[in-house]
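Colleague: Right, I'll just put the structure down here and ask away after.
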Amino acid sequence: MQRDRVPPGAAGAIESAVSALSKTSPLITGALFIGAALMLAPWPWALFVVMPVNRVPEATPVDAANAETRTLIEKCGTLRAGRTALGIAATLVYLWAIL
């Protein structure tokens, strides 16, 4: 796994947040600010919540994998689903703001 490249979706998330924060209407700006925060929230979530759990299975040799390794892999999947939920929430907030 490459760790030295830009995370997928980084440009889109930054562009979305900057665009949302540059709007001038106070009512819309509040909702767009929440959407922008939700668009950027997956980064700290991945760095501080998912990554520490993910490092253990990645460092485990295939021969040493056991039930605990499987449990951690399943936990990683659940935590990544949380990251997806943040993106879905941001999309719904953006839709609410423009409607």
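The values are calculated or read from the model by the stated rules, or taken from the named source; none is laboratory data. What you see is a predicted model, and the numbers here were worked out from it, not measured in a lab. Quick reminder, even Gly has a Cβ in these numbers, built from the backbone with ideal geometry, and neighbours come from all protein chains shown.
Colleague: Restricting attention to the stretch 53-64, report how many residues are in a loop (DSSP other than H, G, I, E, B) and exposed (fewer than 13 other Cβ atoms within 10 Å of the Cβ).
Modeller: Going through the stretch 53-64 one residue at a time, the tally reaches 1.
Colleague: Further question on the same structure: Could you check the stretch 63-99 and list, in sequence order, the residues that are hydroxyl-bearing (Ser, Thr, Tyr) and within 18 Å of residue 49 (Cα to Cα)?
Modeller: 69, 71, 78, 84
Colleague: Here is a check on your reading of the model: is residue 89 within 15 Å of the chain's Cα centre (by Cα), surrounded by 11 or more Cβ atoms within 10 Å (Cβ to Cβ) and modelled with pLDDT of 90 or more?
Modeller: yes
Colleague: I've got another one for you. Right, residue 29: under 22 Å from residue 16 (Cβ atoms), in a helix (DSSP H, G or I) and modelled with pLDDT of 90 or more or not?
Modeller: When the stated conditions are applied, residue 29 does not pass them.
Colleague: Further, regarding this structure: Check whether at least one residue in the stretch 26-33 is surrounded by 11 or more Cβ atoms within 10 Å (Cβ to Cβ), more than 20 Å from residue 11 (Cβ to Cβ) and in contact with a helix residue (DSSP H, G or I) (Cβ under 6 Å, 6 or more places away or on another chain), and report yes or no.
Modeller: Yes, the conditions are met somewhere in the stretch 26-33.
Colleague: Please find, within the stretch 38-48, the residue that is farthest from residue 15 (Cα to Cα) out of those that are without any contact (Cβ under 8 Å) to a residue 40 or more places away in the chain and surrounded by 14 or more Cβ atoms within 10 Å (Cβ to Cβ).
Modeller: Residue satisfying both the conditions and the ranking: 46.
Colleague: What are the pairs, 6+ residues apart or on separate chains, where a residue within the stretch 50-75 that is of a type in the set (Ser, Thr, Tyr) has its Cβ under 7 Å from a residue that is surrounded by 13 or more Cβ atoms within 10 Å (Cβ to Cβ) and in a helix (DSSP H, G or I)?
Modeller: Listed by first residue and then by second, the contacts come to 60/69; 69/57.
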